[in-house]
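Enquirer: What follows is a structure written as structure tokens; I'll ask about it next.
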Amino acid sequence: MKITIESNSGAFDFECGAGERVLYAGLAEGLALPYECATGTCGTCRGRIVSGGVQVEWDEAPGYARLKREKGDILMCQARPTADCTLRVPARLVRHANPDTAPAHRTGRIENVRRLVRDVTDFDVVLSEPMTFEAGQFVVLEKVGIAGGRAYSMVNFERGTSRLKIVVKELPGGRFSEWLFGSDPAGSELKVFGPLGAATFRPEEDKDVLCIAGGSGIAGMMAIVDRALREGYFSARSGRVFFGVRTLADAFYMEELAGFVAAAGGRLEVTLALSHEAVPGDAHPQFPGIRIAGGLVGEVAKRAMAGQYANTVAFTAGPPVMVDAVLRHLLHEARMPRTFVRYDKFA
């Protein structure tokens, strides 16, 4: 079916199958439609139906809270066309800048499942076709029989890779999470759409790197630091990573982060913030290259970074409450330029 998007920069057409989401079809055709989470939670991919019709996939999606549904507003990530459609999207649209990283549909198979700590696991997704993505991007994963897609950042970074590393925190009541933690998912097939997201690391910007992550939000930060190290970025710039968990027993990727610190030759600092446990010392007892501090990760980062935000690009990810607090500080208190504060909120 034909979809026509009327935007502030003109009209654009693309084809969309009856069973495909409008947002995904447009992105796959190379059109840079507005979105953030691509799963129905944020409301960014708003469009208004001018003509035609769609089937709404998730009628209770949180992203609808700010939309005027009585006037025909829809979330493009939750809309499948029932006829040729014309949508009005209040944004300036362009074609995707880099065809190599344009989103596409793939399938994937789960391998190498590891329980990292009590409520966090990681696994590989072996792709049906290689993917090139930017450090900090994410994909949407779907399991047949479980409604809806879930967005996860890639832990690894590699051009043209056939394997994605994904880390997931157990979410009580989450159907995908319950399936993943309540069974042996190895060998299971997934639908994969991506890469997605604009919270990406761009070495050509030549800025110090600040990463503030809570829980599984560390995923994209791992990819960012990995890419920086591969390109020798810390020979001239510095990096600071603040990683928040509840207790020392909840910390994961410590060996990998300690390896990053050693490889950076003194130009990368990693601080583990413990929010629900007394701090056992200034450094991790097993990985002395990792510092430890007490408190919520945003507050720990705020104290450590006071007056040191000049010429810096910041990334944050994790629980929405944490991300919102970090953004308020970076934008309104630290007064960092908005273009150099990057995040993707999935929930």
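Any read-out appearing in this document is the output of simple, stated calculations on the displayed coordinates, not a laboratory observation. Quick caveat: nothing in here was measured; it's all calculated off a predicted structure. Note that each Cβ is placed from the backbone with ideal geometry, even for glycine, and that neighbours are counted across all protein chains shown.
Enquirer: Under a point spin-label approximation (7 Å from Cα along Cα-to-Cβ), what is the residue 51-residue 162 distance to one decimal in nm?
Expert: Spacing of the two 7 Å Cα→Cβ label points: 4.6 nm.
Enquirer: Follow-up question, since we're still on this one. No partner Cβ under 4.7 angstrom, meaning no disulfide-compatible partner by this rule: which Cys of the chain qualify?
Expert: Here 16, 45, 77, 85, 211 come out as lacking a disulfide-compatible partner, given the Cβ-Cβ threshold of under 4.7 Å.
Enquirer: Explain nothing, just compute: Karplus ³J(HN,Hα) = 6.51 cos²θ - 1.76 cosθ + 1.60, θ = phi - 60°, for every residue of the range 63-70 in order, whole Hz, x for Gly and Pro.
Expert: x, 6, 4, 9, 9, 9, 5, 5
Enquirer: Amide H to amide H under 5 Å from residue 268: which residues, 5+ apart in sequence or cross-chain, H placed 1.01 Å off N in plane?
Expert: Amide H neighbours of residue 268, under 5 Å, 5+ apart: 239.
Enquirer: Mind checking the range 21-122 for GluC sites (Glu not before Pro) that DSSP puts in a loop (not H, G, I, E or B) and that have at most 15 other Cβ atoms within 10 Å?
Expert: 60
Enquirer: Provide, as a two-decimal number, the C-alpha radius of gyration of the range 203-343 over 2.2 N^0.38 Å, N being how many residues it has.
Expert: 0.96
Enquirer: Would you give the gap between the C-alpha center of the range 225-263 and the C-alpha center of the range 280-347, rounded to a whole Å?
Expert: 14
Enquirer: Now for a separate question. Once each part is reduced to its C-alpha centroid, what is the distance from the range 96-167 to the range 46-72 in angstrom?
Expert: If we compute the Cα centre of each part, the gap is 28 Å.
Enquirer: Next question, about the same structure. What residues qualify as long-range amide H neighbours of residue 211, i.e. H under 5 Å apart, gap of 5 or more or another chain, H built at 1.01 Å from N?
Expert: 240, 241, 242, 315
Enquirer: On full extension of the chain, what length is gained from residue 191 through residue 18, given 0.36 nm per residue of separation minus the C-alpha to C-alpha distance?
Expert: 60.6 nm
Enquirer: Okay, moving on. Per-residue HN-Hα couplings for the range 197-213, Karplus 6.51 cos²θ - 1.76 cosθ + 1.60 at θ = phi - 60°, whole Hz, x for Gly and Pro?
Expert: In residue order, the calculated couplings are x, 10, 7, 10, 8, 10, x, 5, 6, 6, 10, 4, 10, 10, 10, 10, 9 Hz.
Enquirer: Can you compute 3J(HN,Hα) from phi for each residue in the range 18-32, using the Karplus curve 6.51 cos²θ - 1.76 cosθ + 1.60 with θ = phi - 60°, rounded to whole Hz and x for Gly and Pro?
Expert: 4, x, 9, 6, 4, 4, 5, 4, x, 5, 5, 7, x, 8, 7
Enquirer: For Rg and Dmax of the Cα atoms in Å, one of [x] 21.9, 75; [y] 28.0, 103; [z] 20.5, 63 was computed from the structure I shared and the rest are decoys. Which label?
Expert: Checking each listed value against the structure points to [z].
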